[in-house]
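Undergrad: First, the structure itself, so that you have it in front of you.
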Amino acid sequence: MKKQISPSIMCADFFDLKNTIRSFEQNSIEYIHVDIMDGSFVPNFTLGTDFVKKLKANTFIPLDIHLMINEPESKLDWFEFGEGDYVAVHFESTAHLHKAVMAIKSRGAKAMVAINPATPINVLEAILDDIDAVLVMTVNPGFAGQKLVKSTIKKIKSLREYLDANGYSHIEIEVDGNVSFENAALMSEASANIFVAGTSSIFTKGMDISESAKKLREAIDIE
Ligand code: DX5
Ligand code: ZN
């Protein structure tokens, strides 16, 4: 599967956002990862509905919206998204996962289900027919700058094996959290193919986007 980069915009320099987005465009970055937090599902707030609207209106890069909010199925209409965008809802955040997934797809977007580090991959069994990707959280959600939960590497590998063995080889695997240059290589070897890059790679201090994107691509393109 094509390896793709999805920078976590919450980690960007907010005083230089326009230039950052333009360098994403110039460097053929595939998605922009937008973390939405409600202070309840995770103990933090980050970006909001107006930010998503503005971003959508100001770049052609598809969005990769990561909803860390409770009951996402009743809040999807708050967000601007459509064809080509990914929207991820957490398995742990709703009793109505199927409803949330179908609502995302009814708007032409691609549906992704996120699972926290301690959530086993078998919880996804009944939803695999309806989704386009799984987001394997490689840290506990809520904050940038955290350290990799090591057990998630083998989880990525088992997930890829399970998907391929059961007729779901089209489902993509996204990883999110401490995607450093070193960890990205391990995640890629375990068959992740969408890399949410934040403080430990694409936004490395002192490196411009063209340099850090190149370095990250070298780390993940191990085929
Ligand atoms: C954490 C967010 C991640 C985070 C990544 O809950 O989902 O996208 O911003 O930041 P790093 O790459 O620094 O772990
Ligand atoms: Zn995220």
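The values are calculated or read from the model by the stated rules, or taken from the named source; none is laboratory data. Treat the numbers as computed from the prediction; the structure is a model and nothing was measured. Positions of Cβ are backbone-derived with ideal geometry, glycine not excepted, and every protein chain shown enters the neighbour counts. Ligands, DNA and RNA are excluded from the accessible area calculation, which covers all protein heavy atoms including side chains. Shrake-Rupley method; radii C 1.70, N 1.55, O 1.52, S 1.80 Å.
Undergrad: Between K99 and S151, what length comes free when the chain is fully extended (0.36 nm per residue of separation minus the Cα-Cα distance, one decimal in nm)?
TA: Values: separation 52, 0.36 × 52 = 18.72 nm, distance 3.00 nm.
Roughly 15.7 nm would be gained on extension.
Undergrad: When the Cα centres of segment 188-204 and segment 62-80 are compared, how far apart do they sit, in Å?
TA: Taking the Cα centre of each part, segment 188-204 and segment 62-80 sit 22 Å apart.
Undergrad: Is there a pair in K18/K110; K75/K215; K154/K215; K110/K157; K99/K215; K3/K54 whose C-alpha atoms are over 31 Å apart, and which pairs would that be? Write down the numbers at each step before the final one.
TA: Numbers: K18/K110 26 Å; K75/K215 37 Å; K154/K215 24 Å; K110/K157 22 Å; K99/K215 39 Å; K3/K54 27 Å.
Pairs exceeding 31 Å: K75/K215; K99/K215.
Undergrad: Quick one: if you stick a label point 7 Å off each Cα along the C-beta vector at R22 and M207, how many nm between them?
TA: Those two pseudo-labels are separated by 2.3 nm.
Undergrad: Of the peptides 177-183, 149-155, 89-95, how do they stack up when ordered by the mean number of other Cβ atoms within 10 Å, highest first?
TA: With the highest mean Cβ count within 10 Å placed first, the list reads 177-183, 89-95, 149-155.
Undergrad: Which one of F203, F79, F195 has the biggest mean-square fluctuation once the chain is modelled by GNM with Cα springs under 10 Å?
TA: Per the Cα network of the chain with a 10 Å cutoff, F79 tops the list.
Undergrad: Taking 30 Å as R0, compute the FRET efficiency from the Cβ-Cβ separation of D129 and E71 and round it to 0.05.
TA: Working: r = 23 Å, r/R0 = 0.76.
E between D129 and E71, to the nearest 0.05, is 0.85.
Undergrad: On to the next question. So how exposed is H98, as accessible area in Å² (1.4 Å probe, rounded to 10)?
TA: Around 100 Å² of this residue is reachable by solvent.
Undergrad: Follow-up question, since we're still on this one. Note down the nm distance, to one decimal, between modelled labels 7 Å out along Cα→Cβ at E161 and at F143.
TA: For the pair E161/F143, the computed spacing is 3.4 nm.
Undergrad: Report the paramagnetic label zone for S191: residues of segment 138-168 whose backbone N is under 13 Å from a point 7 Å from Cα along the Cα-to-Cβ axis.
TA: Once the point is set 7 Å along Cα→Cβ of S191, 154-168 turn out to lie under 13 Å by backbone N, inside segment 138-168.
Undergrad: In whole angstrom, note down how far apart the Cα centers of segment 105-150 and segment 4-19 are.
TA: About 21 Å separates the Cα centre of segment 105-150 from the one of segment 4-19.
Undergrad: At 1.4 Å probe size, with no ligands or nucleic acids counted, give the accessible surface of Y168 in Å², nearest ten.
TA: Accessible area, nearest 10 Å²: 40 Å².
Undergrad: Here is a further query. Report the residue, chosen from N58, N122, N44, that carries the largest GNM mean-square fluctuation when the chain is represented by alpha-carbon nodes joined by springs under 10 Å.
TA: Result for the chain, Cα springs under 10 Å: N122 fluctuates most.
Undergrad: Ok, one more. With springs connecting C-alpha atoms under 10 Å apart, model the chain as a Gaussian network and identify which of M187, M102, M68 has the largest mean-square fluctuation.
TA: Per the Cα network of the chain with a 10 Å cutoff, M102 tops the list.
Undergrad: K56 accessible area, nearest 10 Å², 1.4 Å probe?
TA: Using a 1.4 Å probe on the heavy atoms, I get roughly 60 Å².
Undergrad: Could you check the simple spin-label distance between K54 and D13, using points 7 Å along Cα→Cβ, in nm with one decimal?
TA: Simple spin-label model gives 1.8 nm for this pair.
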